[in-house]
Amino acid sequence: MPEPRHWYLIFYDVVDAKRLRKTYKLLMGWGKPMQFSVFLVRMTKRELERLRFEIARVTTKEDRIMTVRLCNGCAARVTTQGPALVPLDLDPPPFLVV
């Protein structure tokens, strides 16, 4: 049986501009930007650990990363005001982890 996928909101506050760009590019490969420092990502627990490892390689101790797991109902109720950065599709294809 495959490992279940869950929705996560990932928030970040990166101090250095170079690390900020690297963090943004990294997260673009995993999910969809909801705001400039907030991503919605659907992944397994193993993929989450892989992403945390990759983020740790890009950031330092002065940067802050917050991950919040959402239930399916909560993910369906995520709303944005104003123009969306990308269209929100709650059932995206599986992400390619390289």
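The values are calculated or read from the model by the stated rules, or taken from the named source; none is laboratory data. Values in this document were obtained by computation on a predicted structure and should not be read as measured data. Note: ideal-geometry Cβ built from the backbone for every residue, glycine included; neighbour counts use all protein chains shown.
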- Note on the structure: Scanning the range 51-83 for residues that are of a type outside the set (Ser, Thr, Tyr), closer than 19 Å to residue 20 by Cβ and surrounded by 10 or more Cβ atoms within 10 Å (Cβ to Cβ) gives 51, 52, 54, 55, 56, 58, 62, 63, 64, 65, 66
- Can residue 68 be described as modelled with pLDDT of 90 or more and either touching a strand residue (DSSP E or B) at 6+ places or on another chain (Cβ under 7 Å) or part of a helix (DSSP H, G or I) (or both)? yes
- Task: Please find, among 48, 20, 26, 40, the residue that is without any contact (Cβ under 8 Å) to a residue 24 or more places away in the chain and crowded, with 17+ Cβ neighbours inside 10 Å.
- Result: 20
